[in-house]
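Here's the structure we're looking at; comments come further down.
The values are calculated or read from the model by the stated rules, or taken from the named source; none is laboratory data. Please read these numbers as outputs of a predicted model, since none were measured by experiment. So basically every Cβ, Gly included, is an ideal-geometry build from the backbone, and we count neighbours across all protein chains shown. Note: areas computed on protein heavy atoms with side chains; ligands, DNA, RNA excluded. Shrake-Rupley method; radii C 1.70, N 1.55, O 1.52, S 1.80 Å.
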Amino acid sequence: MYLSSKNGGIVLVDAQNFKEFHLETARGGAIDLPSSIVADPDGEHVWVAIDWLSSIGPTGDVAWAEQFAKMIDKVKPFGWISEDGLFVRGHIKRL
């Protein structure tokens, strides 16, 4: 799954793909981030609120929610979850 900011807002794309996570944006363009997404100081990553990300997934889809939780658990050992457990880190892909 990934987030896209190319059309003026942030939308979830490819929600069933739990093997990758990133934010797509236009190359050279400024990213207008909502409060649920925080730019990492390295300029190459963002921190996305896990609760917010879950809330924009398919509504009422129990199987999706289970797979989402597994994805979050799987990346914890690799430093992709904030210390407080509230954010997941994603690459920024500039297209």
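Observations on the structure shown:
- In the range 6-21, the residues that are within 15 Å of residue 68 (Cβ to Cβ) and open to solvent by 70 Å² or more (accessible area, probe 1.4 Å) reach residues that are assigned to a loop (DSSP other than H, G, I, E, B) and at pLDDT 90 or above with C-beta atoms within less than 8 angstrom, at least six apart or across chains, in these pairs: 14/1; 16/1; 20/1.
- Residue count, the range 30-55 (criterion: more than 11 Å from residue 92 (Cβ to Cβ), in contact (Cβ under 8 Å) with a residue 24 or more places away in the chain, part of a loop (DSSP other than H, G, I, E, B) and open to solvent by less than 60 Å² (accessible area, probe 1.4 Å)): 1
- Extreme residue, surrounded by the fewest Cβ atoms within 10 Å (Cβ to Cβ), among residues of the range 56-72 that are within 14 Å of the chain's Cα centre (by Cα) and outside any loop (DSSP other than H, G, I, E, B): 69
- Search result, residues across the range 86-95 that are at pLDDT 95 or above and open to solvent by less than 40 Å² (accessible area, probe 1.4 Å): 88, 90
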